[in-house]
Amino acid sequence: MVEFKNKNSFPRQLLKALAISGAVVLASGNPYFGLNITGALRKQLDRKKWREFYKELYTLKYRKRINVSQNQDGGYNVEITNLGKKLVAKYNLDDLVIKQPDQWDGFWRFCSFDIPGPKKQARQALLSKLKELGFVMAQKSLWVHPFECREELAIIANAYKVEPYIHFFVAHDLDKDLLFRKKFSEKSGIYLKS
């Protein structure tokens, strides 16, 4: 799957806008009529010329991210495809963060998994995402985080199609509490107070 490397790239923002608004009609006189436009996308659209806008639409159509059809009145119907929706979901995964509360509740959130061999790539992607989100390894297939992350883990498990293999639990009063605090502080720079 071809991706847009830059998180703020025009095609990526356009896809997200189409995903939010669904199918839209673009009037021939105003190429962005009908789009639910966010502030960042609007700035880019205001700077772009129509020819560039249509070029981006054509590129997204060519890559099968959107379907574009012309109406009899000269306007266009633009609809995001399933491939485009998958790409937007991946972008949402890329933007995923675990929110830090004002005060730590003293509980540790554990993510345990046993992913079968044929899903090796999914396992590696999961590990990479857990590390990126600040999880600390307790054991090879057991990772821990101090902040609420159940929803984020569900999104990750769904994205990598490994829901049946991932388990989540919360624990308090651990014998390794100080070790996990130290590892988490070294990794994130956040000091945990109980």
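Accessible surface area normalised per residue over region 71-173 is 58 Å², counting heavy atoms of protein chains with a 1.4 Å rolling probe.
Carbon and sulfur atoms: what percent of the 1.4 Å accessible area of region 90-194 do they account for?
Numbers: 3300 of 6440 Å².
In region 90-194, the share of accessible area belonging to carbon and sulfur is 51 percent.
First measure r as the distance between the Cβ atoms of residue 171 and residue 9, then evaluate 1/(1 + (r/R0)^6) with R0 = 35 Å and state the FRET efficiency to the nearest 0.05.
On the way: r = 41 Å, r/R0 = 1.18.
Computed FRET efficiency for residue 171 and residue 9: 0.25.
Is any residue of region 124-155 close enough, with backbone N under 16 Å, to a label point placed 7 angstrom from the Cα of residue 179 along the Cα-Cβ axis, and if so, which? In region 124-155, the label zone of residue 179 (backbone N under 16 Å from the point 7 Å along Cα→Cβ) covers 136-145.
Suppose a student asked you for the relative contact order of region 111-194, using Cα pairs under 8 Å spaced at least 6 residues apart; what percent would you report? Kindly include the intermediate steps, with their values, before the conclusion.
Working: 65 pairs, mean separation 31.2, N = 84.
Averaging sequence separation for qualifying contacts and normalising by length gives 37 percent for region 111-194.
Remark on residue 81: its backbone amide H falls under 5 Å from those of 66, 67, a criterion applied only to residues 5 or more positions apart or on other chains, H modelled at 1.01 Å from N.
Per-residue surface analysis assigns residue 153 an accessible area of about 10 Å², computed on protein heavy atoms at 1.4 Å probe radius. Label separation (residue 121 vs residue 190): 3.2 nm, computed from points 7 Å beyond Cα along the C-beta direction. Sorting 115, 190, 155 by solvent-accessible area of protein heavy atoms yields 155, 190, 115, largest first, with a 1.4 Å probe.
The values are calculated or read from the model by the stated rules, or taken from the named source; none is laboratory data. Here the structure is a predicted model, which means the values were calculated and not measured. As a convention, Cβ positions derive from the backbone with ideal geometry for all residues, glycine included, and neighbour counts pool all protein chains shown. Just the protein is used for accessible areas: all its heavy atoms, side chains included, with ligands, DNA and RNA removed. Shrake-Rupley method; radii C 1.70, N 1.55, O 1.52, S 1.80 Å.
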